[in-house]
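Data first, discussion second: the structure below is written as structure tokens.
The values are calculated or read from the model by the stated rules, or taken from the named source; none is laboratory data. Quantities reported herein were computed from a predicted structural model and do not represent experimental measurements. All Cβ positions, even for glycine, are placed from backbone atoms using ideal geometry, and neighbour counts span all protein chains on display.
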Amino acid sequence: MEFLSYLISGISLGSVYAIIALGYTMVYGIAKMLNFAHGDVIMVGGYISLLSMSSLGLPWPLAVILAMLVCTVLGVVIEGLAYKPLRSAPSLAVLITAIGVSYFLQNAALLLWGASPKAYTPIIAGSVKLFEGQLSISYVSILTVFMCIVIMIALTLFTGKTRMGKAMRACSEDKAAAQLMGINVNRTISMTFAIGSALAAIAGVLLCSSYTSLMPTTGSMPGIKAFTAAVFGGIGSIPGALLGGVLLGIIESLAKAYISTQLANSIVFAVLIITLLVRPAGLLGKYVPEKV
Amino acid sequence: MARLKSKNDSPLVPMPSDAYIPQRDLGKTPVLEARHLGIDFGGLTAVDDFNLTIGRTEIAGLIGPNGAGKTTVFNLLTKVYQPTRGTIMVDGYDTKGMSTVQVNKLGVARTFQNIRLFNNLSVEDNVKLGMHNQIKYGMVGGILRLPSYWKQERIAHERALELLSIFDMQDMAGAKAGSLPYGAQRRLEIVRALGTNPSLLLLDEPAAGMNPSETAELMENIIKIRDTFQIAIMLIEHDMNLVMGICEGICVLNFGKVIAKGTPDEIQSNPVVIEAYLGKQKEA
């Protein structure tokens, strides 16, 4: 029973990682860049939802929608101001810029909202009790897993069946050819950032609801772990992000429970290193050797 | 299209008088007019003083030895490169400052010398990507599957199959583009370009790697496409049977400059062209 409860909390944590990992993986797939500021967009989403519930007194669904809107705009603005001018620059320049944007967001949050952790009231309280009260699953966990599944299905349909989704896949394969077919690559990239950032806002709300506290650095550790999850599952692949996220969540949760709380993070990253040694492109990634 | 200049108000240098277009296209705005076009890469002049007029329904050829700058001309016409000098008029509109996407919307589509399909997408989806700007529904409509989505997708589906049927490829619609045999990939590139609804189709070595019977079939299909869609086609090709067989006007490029222009007969007997291809004849 204990195992089951750790497993469920692992799946729930992993679902949050998966939602965040989607943002990394989509942006990487299309813009071929690592957006290290993605984790901090989660934190902004957390603050916006918290403030709109506590200061504006909005009900939580509205707060979530507001957070998604703000993060979408933020994501598009970051892309337009910081990354778009570097489209033809070496990838290292873009990477450094992304790290810069990450620190900028953290420090802006520090300035605006202070360094002290704020208490975050979960958007749904309470839990469901099973097996005569031996196993309790919080509603937040259930909501998290449910949201993750809904987002996955929506994104799979979007990229597989709609014209914008297919344009995104075309851009990820060959930007120049896509452009010559009349596809606006810049708009497609902005769109990817918009979707990724809206997802980050949802992840922010879910993450804060399960940890019940929020500070300017809240986003960075889950951000890095979600990035790990994206690489673990195969960066650029949407099902890979789901698989990597959930597996990582389960490994972390079980490692905390049965091995050591302090070592949990080390174990998570050790698993990543071992996976990459065996499968350099991640679990679901395709390793295509360069044709000579 | 508000920012486009009309053909009447552009203060352009006049076209040199050697412009050639077929008789039937006279009196109509040429689909393409390149005037004194040139591009430098650093100190190297890749193309210089390139002038060409293509009639509305002309099949034109661009030939020349390797490295003559033929693909560079295509890249200029599609704005992959912005020209250093000169003007490109498409359908009478000046394309100055336009991007690749804008020129494509104006009606210029192309294929590539080395095939560049979206290999992980299906054949049908490749064609639909060509039709990207003609399929109209929003993101919300797409995610929620509103009626607009189904209607537009059905139209796109039918049109894609119709275009594929030109090359008898409708049965392959569901296959991944990357899994097609080479010849079919080349044909799919043409279909995808046709999906953008062009008025000028640029084909970069369409017969490369094809055997003689495939080339013969391709020649028939190029003429069929021109007749069906009433568009102009310009092709780069090394297969002289194809070029001399279907092109009405031919432009010969060497070292980035036009060395000859004319009908296939004129080109074949032009000593300058023969010299460019075979080298100078020794004096006996």
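Are any of the residues in the stretch B:100-111 closer than 25 Å to B:Asn75 by Cβ, assigned to a loop (DSSP other than H, G, I, E, B) and modelled with pLDDT of 90 or more?
Taking the stretch B:100-111 and keeping what is closer than 25 Å to B:Asn75 by Cβ, we get B:100-111.
Okay, now just the ones that are also assigned to a loop (DSSP other than H, G, I, E, B), so B:107, B:111.
In the following step, the residues that additionally are modelled with pLDDT of 90 or more were identified as B:107, B:111.
Yes, the stretch B:100-111 contains a residue that is closer than 25 Å to B:Asn75 by Cβ, assigned to a loop (DSSP other than H, G, I, E, B) and modelled with pLDDT of 90 or more.
Condition (residue is at pLDDT below 90 and part of a loop (DSSP other than H, G, I, E, B)) applied to the stretch A:191-210: is it met by at least one residue?
There is no residue in the stretch A:191-210 that is at pLDDT below 90 and part of a loop (DSSP other than H, G, I, E, B).
Looking only at the stretch A:218-229, decide whether some residue is within 21 Å of A:Val77 (Cβ to Cβ), part of a helix (DSSP H, G or I) and within 14 Å of chain B (Cβ to nearest Cβ).
The answer is no; no qualifying residue exists.
Residues are listed down the side, and each one gets a yes or a no for (1) crowded, with 20+ Cβ neighbours inside 10 Å; (2) of a type in the set (Asp, Glu); (3) within 14 Å of chain A (Cβ to nearest Cβ):
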{"residue": "B:Glu162", "(1), (2), (3)": "no, yes, no"}
{"residue": "B:Met169", "(1), (2), (3)": "yes, no, no"}
{"residue": "B:Gly183", "(1), (2), (3)": "no, no, no"}
{"residue": "B:Glu189", "(1), (2), (3)": "yes, yes, yes"}
{"residue": "B:Ser199", "(1), (2), (3)": "no, no, yes"}
{"residue": "B:Ser213", "(1), (2), (3)": "no, no, no"}
{"residue": "B:Met219", "(1), (2), (3)": "no, no, no"}
{"residue": "B:Ile223", "(1), (2), (3)": "no, no, no"}
{"residue": "B:Ala232", "(1), (2), (3)": "yes, no, no"}
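Hey, among B:Gly55, B:Gly92, B:Gly64, which residue is surrounded by fewer than 23 Cβ atoms within 10 Å (Cβ to Cβ) and either within 14 Å of chain A (Cβ to nearest Cβ) or not charged (D, E, K, R) (or both)?
Every option except B:Gly92 fails the conditions.
Looking at this structure, is B:Val101 more than 9 Å from every other protein chain (Cβ to nearest Cβ) and either surrounded by 16 or more Cβ atoms within 10 Å (Cβ to Cβ) or on the phi > 0 side of the Ramachandran plot (or both)? Talk me through it step by step, then tell me what you get.
Working: more than 9 Å from every other protein chain (Cβ to nearest Cβ): no; either surrounded by 16 or more Cβ atoms within 10 Å (Cβ to Cβ) or on the phi > 0 side of the Ramachandran plot (or both): yes.
Answer is no for this residue.
Does the stretch B:163-197 hold any residues that are in contact with a Leu (Cβ under 9 Å, 6 or more places away or on another chain) and assigned to a loop (DSSP other than H, G, I, E, B), and which are they?
Residues satisfying the conditions are B:Met169, B:Ala173, B:Leu180, B:Thr196.
Are any of the residues in the stretch B:67-88 in a helix (DSSP H, G or I), within 14 Å of another protein chain (Cβ to nearest Cβ) and of a type in the set (Phe, Trp, Tyr)? Give the derivation first.
We begin by selecting, within the stretch B:67-88, every residue in a helix (DSSP H, G or I); these are B:70-77.
Checking the rest, the ones that are also within 14 Å of another protein chain (Cβ to nearest Cβ) come to B:71, B:74-77.
Adding the requirement that they be of a type in the set (Phe, Trp, Tyr) leaves B:74.
So far as the stretch B:67-88 goes, yes, one or more of its residues are in a helix (DSSP H, G or I), within 14 Å of another protein chain (Cβ to nearest Cβ) and of a type in the set (Phe, Trp, Tyr).
Determine, yes or no, whether B:Lys128 is crowded, with 23+ Cβ neighbours inside 10 Å and more than 18 Å from the chain's Cα centre (by Cα). Show your work before the answer.
On the way: crowded, with 23+ Cβ neighbours inside 10 Å: yes; more than 18 Å from the chain's Cα centre (by Cα): yes.
Yes; evaluated as a whole, the condition is true for this residue.
Starting from the stretch A:151-169, take each residue that is facing chain B (nearest Cβ under 7 Å) and aliphatic (A, V, I, L, M) and list its partners that are crowded, with 18+ Cβ neighbours inside 10 Å and in a helix (DSSP H, G or I), counting only C-beta distances under 6 angstrom and pairs at least six apart or across chains.
A:Ala167/A:Thr188; A:Ala167/B:His132
For the stretch B:209-248, give me each residue that is part of a strand (DSSP E or B) and at pLDDT below 90.
From the stretch B:209-248, those part of a strand (DSSP E or B) are B:232-236; that's our starting set.
None; the set is empty.
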